[in-house]
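The values are calculated or read from the model by the stated rules, or taken from the named source; none is laboratory data. All figures in this text were calculated on a predicted structure; none of them were measured in a lab. With ideal geometry, Cβ positions are generated from the backbone for all residues, glycine too; neighbour counts draw on all protein chains shown.
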Amino acid sequence: MKKLVLASLMTLASMGLIVTPALNAQQPGTIQIKDPAEYNAYQMAITQSNPKEKAAALESFLKTYPQSVVKGPVLDMLMDTYQQLGDPDSTLNAASRLLQIDPNNMKAIAISVFVKKAQCGKTSDAQVCDDAAALARKGLAATKPADVSDDDWKKQTGAIYPIFHSTIALDDMLSKKDAKGAISEYRTALMLYPIEQTQNGPGLPDTLQLAEAYTKPDGKDLVQAVWFYARAWNFAPPAYKAQIEPKLEYYYKKYHGDLTGLDAIKTQAAASLFPPGTFQITAAATPAEIAHKVVVETPDLTTLNLNDKEFILASGSKDDAEKLWGVMKDQVTPIPGVVIEANTNTIKMAVSQDAKDAKIADFIVNLKKPLEEKEVPAVGFEYGLQPATELDGTYDSYTQVPATATMTQTAQIVVRDGFIQPEKKKPAPVHHKPSAAHHNTN
C-alpha cells in the first residue's frame, strides 16, 4: 500500500492544499536614486512584463548596483517573480539575500520557512529541517515593525503563524524524533487556523500529521489518534480518503477490538476539530483475548490479512499462535513492507503497522539466491507498491517479541527462499491484416 500522504509539505503540495503566505512587502517611503544610469536600469527591470525576463533584469541590476538604495525592494520583487515562475530554489536564494540586509523581514522569513519546510518534507535532511524550524522560531519571535499597522500585522501573522508551528512540528517528527513536541506544535497550529483551512487547506494535512504523531511510541494515545484520523478522513479528497481509512480502522480496532461505533466517531469528528473533553473509546479486551476471539470466530484462518496474522502471533496465547502458525508454516506468501536493513543475502523489513511506526524489523527474509550489490534495496524502500517490486518467500519460523523490547508487542517472522518477483511483461500487440471483406471492391 502506498505510504500515507501528508508526511511532509511535499505531501501537502500533492493534495493541492498549499497556499503561499500572502504578505505585503514592507516598502520604504519615497526612494531617491540619484544616478540617472542606475535609475534607468531600475525602471527597465521593474517594468518588464515577462517574468523570466524580469527576473534576469532584476538580477542584472543587483549585480551592477550591489549597494543600491533600492536593493531591498528589488530583492522583494525578485522573490515574487521567482514564485511566479515556480522556482522555489531561486525564491529561497532571493529571500536569503534579503534577510542578510533586513534580518527581520517577515515576508522573507515566511517564504524561507515555506520553501525549507518543503525541502525538509522531501528529503528528511536533519539540517534542512532544523534550519526551517529555526527560521520559524525567529518568525514567531519577531516584533511588529514601527511602520506596520496593528491590523496589518495581525493579518500577516494570522496567515503565517500556523505554518511556523507546523514547520517546527515537522522538524520534531522527522529530525528530532520527538512526537510529544510535534503533538504540542501541531495542536497549536490547528488552533490558529481558520476552521475552513482545517477542512480544505493546510490545516487538513496537519490534522493527519497530528494523528500520526499520536501513534508514535513516545506520544502514543490511540484515542486521540482515532479522532484526528477520523477528522482528516472526513475532509480528505477521495483518493486520499482510501489511504487514510485503513489506518483509522487499524488503530480503532487495535484499541476497541472491532469496528463497532467507528461510524459515530466519524460523524462526531466531522463536526468538531478537537474532541470534546468527554470523548472516550471503550477499550477492548486484552490483546490475547482479542486474538483468541479472532481465532475462534474465523472459519478459515488463511483468509486473515497479514496484520491480523501477525497480531495473533505476537499477542495470542501459545495455543492460538500455534494454531495459526500451523496453517501459515511452509506457505509461500508476498511480503509487503518497508526495508529496515538489507544485504546481499537478507532483507529485514517492517511489515505490520506497529513495526513501521516503531521502525523495527518484524520480518527477516533470507533470500534463495544472493543479490548483486547493485540490487540490494535501500533502507526505506517499500516492497509491494507495484507488481514489479513484489517480494515473496516461504514462512519458516516466528518468535514473539515482548513490548518491553520494542515498546509494542510484535512477532518476528523468518521467511526462507525469498525472491523478488520478476516484472511481468505485457504481450506484444498482435496486428492482423484486414480481411478482404473490409476492402472496398467498387
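Tabulated results
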| quantity | calculated |
| --- | --- |
| Residue check for residue 293: within 30 Å of the chain's Cα centre (by Cα), assigned to a helix (DSSP H, G or I), at pLDDT below 95 and not hydrophobic (A, V, I, L, M, F, W, C) | no |
| In the range 211-269, the residues that are more than 22 Å from the chain's Cα centre (by Cα) and not charged (D, E, K, R) | 255, 256, 257, 259, 260, 261, 262, 264, 265, 267, 268 |
| All positions within the range 329-366 that are closer than 17 Å to residue 307 by Cα, at pLDDT 90 or above and surrounded by fewer than 18 Cβ atoms within 10 Å (Cβ to Cβ) | 329, 331, 332, 333, 334, 336 |
| Conditions (1) in a helix (DSSP H, G or I); (2) more than 23 Å from residue 178 (Cβ to Cβ): number failed by residue 137 | (2) |
| Any hit, the range 249-261, residues being touching an Asp or Glu at 6+ places or on another chain (Cβ under 6 Å), acidic (Asp, Glu) and at negative phi | no |
| Residues of the range 245-261 satisfying the condition of being of a type outside the set (D, E, K, R) and surrounded by fewer than 18 Cβ atoms within 10 Å (Cβ to Cβ) | 246, 255, 259, 260, 261 |
| Selection within the range 119-137 - under 15 Å from the mean Cα position of the chain (by Cα) and crowded, with 22+ Cβ neighbours inside 10 Å | 120, 121, 129 |
| Matching option when the condition is modelled with pLDDT of 50 or more, surrounded by fewer than 16 Cβ atoms within 10 Å (Cβ to Cβ) and of a type in the set (Lys, Arg), among 71, 63, 2 | 63 |
| Criterion: of a type in the set (Asp, Glu) and assigned by TED's automatic domain parsing to the domain that holds residue 169 - qualifying residue of 249, 245, 212 | 212 |
| Check on residue 382, within 30 Å of residue 252 (Cα to Cα) and either surrounded by 19 or more Cβ atoms within 10 Å (Cβ to Cβ) or of a type in the set (Asp, Glu) (or both) | yes |
| Identity of the residue in the range 277-287, modelled with pLDDT of 90 or more and surrounded by 12 or more Cβ atoms within 10 Å (Cβ to Cβ), that ends up nearest to residue 189 (Cα to Cα) | 279 |
| Output for the range 367-376, where each listed residue is surrounded by fewer than 19 Cβ atoms within 10 Å (Cβ to Cβ) and closer than 18 Å to residue 417 by Cα | 368, 369, 370, 371, 372, 375, 376 |
| Selection within the range 44-93 - of a type in the set (Gly, Ala, Ser) and either assigned to a helix (DSSP H, G or I) or within 29 Å of residue 128 (Cα to Cα) (or both) | 45, 55, 56, 57, 60, 72, 86, 90 |
| The range 273-303, residues that are in contact (Cβ under 8 Å) with a residue 12 or more places away in the chain and within 30 Å of residue 236 (Cβ to Cβ) | 273, 274, 275, 279, 280, 281, 282, 283, 284, 287, 290, 294 |
| Single unsatisfied condition, residue 177 versus (1) assigned to a loop (DSSP other than H, G, I, E, B); (2) touching a His at 6+ places or on another chain (Cβ under 6 Å) | (2) |
| Meets criteria (part of a helix (DSSP H, G or I), of a type in the set (A, V, I, L, M), in contact (Cβ under 8 Å) with a residue 12 or more places away in the chain and under 15 Å from residue 414 (Cβ atoms)) for residue 313 | yes |
| Members of the range 353-380 found to be of a type in the set (D, E, K, R), within 25 Å of the chain's Cα centre (by Cα) and part of a loop (DSSP other than H, G, I, E, B), listed by number | 359, 362 |
| The one condition in (1) assigned to a helix (DSSP H, G or I); (2) modelled with pLDDT of 95 or more that residue 274 fails to fulfil | (1) |
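A quick yes/no check of all residues on (1) more than 20 Å from residue 89 (Cα to Cα); (2) assigned by TED's automatic domain parsing to the domain that holds residue 193; (3) in contact (Cβ under 8 Å) with a residue 40 or more places away in the chain:
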| residue | (1), (2), (3) |
| --- | --- |
| 105 | no, yes, yes |
| 142 | yes, yes, no |
| 150 | yes, yes, no |
| 159 | yes, yes, yes |
